[in-house]
Amino acid sequence: LNLTGNIRNCFLSGSPASYRNLIGRGLRCLLNVPNTEVYKNTQHSSRRFCFQSSRPSGEKITSLQISSVGQFPCHSAWNVQITRSFHTSPSFQAAPVLFWIIVKPAQKLFAIILGRSIRNWWKALPPNKRELFKESARKNKWKILLGVSSLGVLFVIFYFTHLEETPITGRTRLLVFGKEHFRELSQLEYDMWMEELKSKMLPETDACYQVVERVVGHLAESNKDIPQISALRWVIHVVDEPSVNAFVLPNGQVFVFTGLLNAVSDIHQLSFILGHEIAHVVLEHAAEKASLVHFLDFLSLIFLTMIWAICPRDSLAVVGQWIQSKLQEFMFDRPYSRTLEAEADKVGLQLAAKACVDVRASSVFWQQMELAETVQGQPKLPEWLSTHPSHENRAEHLDRLIPEALKIRESCNCPSLSGPDPRLIFRLNMQHLLESSKDQETPNSTKQDLSKPKLDFPHT
């Protein structure tokens, strides 16, 4: 990433007020147009495709929320820029999944009615019959224990007979629904999205569309040794909407909002983000997440029935049900989502590396997101409350993965990376920004002086 001194100065002109002004101007100073030559050159070199296993040897990891600052000037097909809040993501073959979605509320209602009926039945029993029932339970405790144990064994057998290996990473995961179910279901979701967004779709001649098309095409072509990528036809849809959003459906339909194109600082960051989204499809995360939720929901029905049977009043049962749902959410659902996000980051980085992208930019992207939230004064929630890793942890995680990704990049005969490490540039810029802010005497003067850099940042 070749950033000149002037470009660095433009990035450094940064109090919250001046940063917002930069957003309005599209942060054109963040992108050095000659930069795109590095990416363009990869299209020639990476035609010598690196058909190798992308299976990593390091730690095991797993819809993406991004925040940042800037605007995407679509005047050039290779001019890309940085703004805020990005998340990702969601026939007969689809019938099992559709059936589960439809009956899920009915299952919960059935558990509540059953539990409440058991409680009312127990309350209506005369004291002598309650004692007889308790005595009978004590006499047959081994039969009851055997029945409960048998039920538990069935669940364990079901779990272990539905374990599969995740493509590329080899992580063992539960998979109740097959990928073919979700590809059919994604066609229904695709029809819904097209109906909602058809008036906002950019034409294929638009420069923004062409940027996304070239990036996705280059990623797919460079990774066509992966069956999950070569088997799909990747179709691009660019939506003219300020929402910073992008997602890829399991059937290969790629949706990118122009707000996302405004949220990246260069073509390398865009390639990594789209690689992350493609990785979700390659790793079949939609089917995996639905399988786990389905399994946990089925188990929770037993606890839900017990809660409504044991609690003496409906109000207490409602509180117990709420506590159970929150425990499931924060102990299983959210940590699992963070695991899937981390895995998609890891595989997305590998896909980008094989496409000869400057993978070092991925870490900078999340540092920019962290800075943007700080500048905009957004509250910082603890990671355990989120479905995504924190920006800081995400950047650190990618930093640990970058050396391996650089080796993959080198093994694919990619051109050498020119210019300084973008991570170093970002750190020096932030250091300079902090030093400049310390020189100010009052908050008001800080706002005025930070909008204009006091020093010319030296070339690195």
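The values are calculated or read from the model by the stated rules, or taken from the named source; none is laboratory data. For clarity, every value in this text was computed on a predicted model and none was experimentally measured. Using ideal geometry, Cβ is built from the backbone for each residue, glycine included, and neighbour counts are taken over all protein chains shown. Accessible surface areas use protein heavy atoms only, side chains included; no ligands, DNA or RNA. Shrake-Rupley method; radii C 1.70, N 1.55, O 1.52, S 1.80 Å.
Pick out the one residue from Glu329, Glu343, Glu396, Glu383 that is in contact with a His (Cβ under 9 Å, 6 or more places away or on another chain) and either open to solvent by less than 40 Å² (accessible area, probe 1.4 Å) or at negative phi (or both).
One residue alone meets the criteria, Glu343.
Go through Leu188, Leu197 for me and flag whichever is touching a strand residue (DSSP E or B) at 6+ places or on another chain (Cβ under 6 Å) and either of a type in the set (Ser, Thr, Tyr) or part of a helix (DSSP H, G or I) (or both).
Exactly one residue qualifies, and that residue is Leu197.
Hey, does segment 152-166 have a residue that's in contact with a helix residue (DSSP H, G or I) (Cβ under 8 Å, 6 or more places away or on another chain), in a loop (DSSP other than H, G, I, E, B), modelled with pLDDT of 90 or more and surrounded by 18 or more Cβ atoms within 10 Å (Cβ to Cβ)?
The answer is yes; a qualifying residue exists.
Return the residues of segment 200-229 that are open to solvent by 80 Å² or more (accessible area, probe 1.4 Å), among the acidic types (Asp, Glu) and in a loop (DSSP other than H, G, I, E, B); say none if nothing qualifies.
Selection gives Glu204 alone.
For segment 249-258, indicate whether the set of residues that are open to solvent by less than 10 Å² (accessible area, probe 1.4 Å), closer than 23 Å to Ser186 by Cα and of a type in the set (Phe, Trp, Tyr) is non-empty.
The answer is yes; a qualifying residue exists.
Taking only segment 132-147 into account, find how many residues are assigned to a helix (DSSP H, G or I) and open to solvent by less than 100 Å² (accessible area, probe 1.4 Å).
Going through segment 132-147 one residue at a time, the tally reaches 7.
For Leu174, state whether it is in contact with a Phe, Trp or Tyr (Cβ under 7 Å, 6 or more places away or on another chain) and outside the structural domain of Asp314 (by the TED database).
yes
For every residue, the table says whether it meets (1) part of a loop (DSSP other than H, G, I, E, B); (2) modelled with pLDDT under 90; (3) open to solvent by 70 Å² or more (accessible area, probe 1.4 Å); (4) not charged (D, E, K, R).
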residue	(1), (2), (3), (4)
Glu404	no, no, no, no
Lys407	no, no, yes, no
Pro415	yes, no, no, yes
Gly419	yes, yes, no, yes
Phe426	no, yes, no, yes
His432	no, yes, no, yes
Glu435	no, yes, yes, no
Lys447	no, yes, yes, no
Lys452	yes, yes, yes, no
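Residue-by-condition table, conditions (1) modelled with pLDDT of 90 or more; (2) open to solvent by 30 Å² or more (accessible area, probe 1.4 Å); (3) over 26 Å from the mean Cα position of the chain (by Cα):
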| position | (1), (2), (3) |
| --- | --- |
| Gly275 | yes, no, no |
| His285 | yes, no, no |
| Leu296 | no, no, no |
| Leu304 | yes, no, yes |
| Val318 | yes, yes, yes |
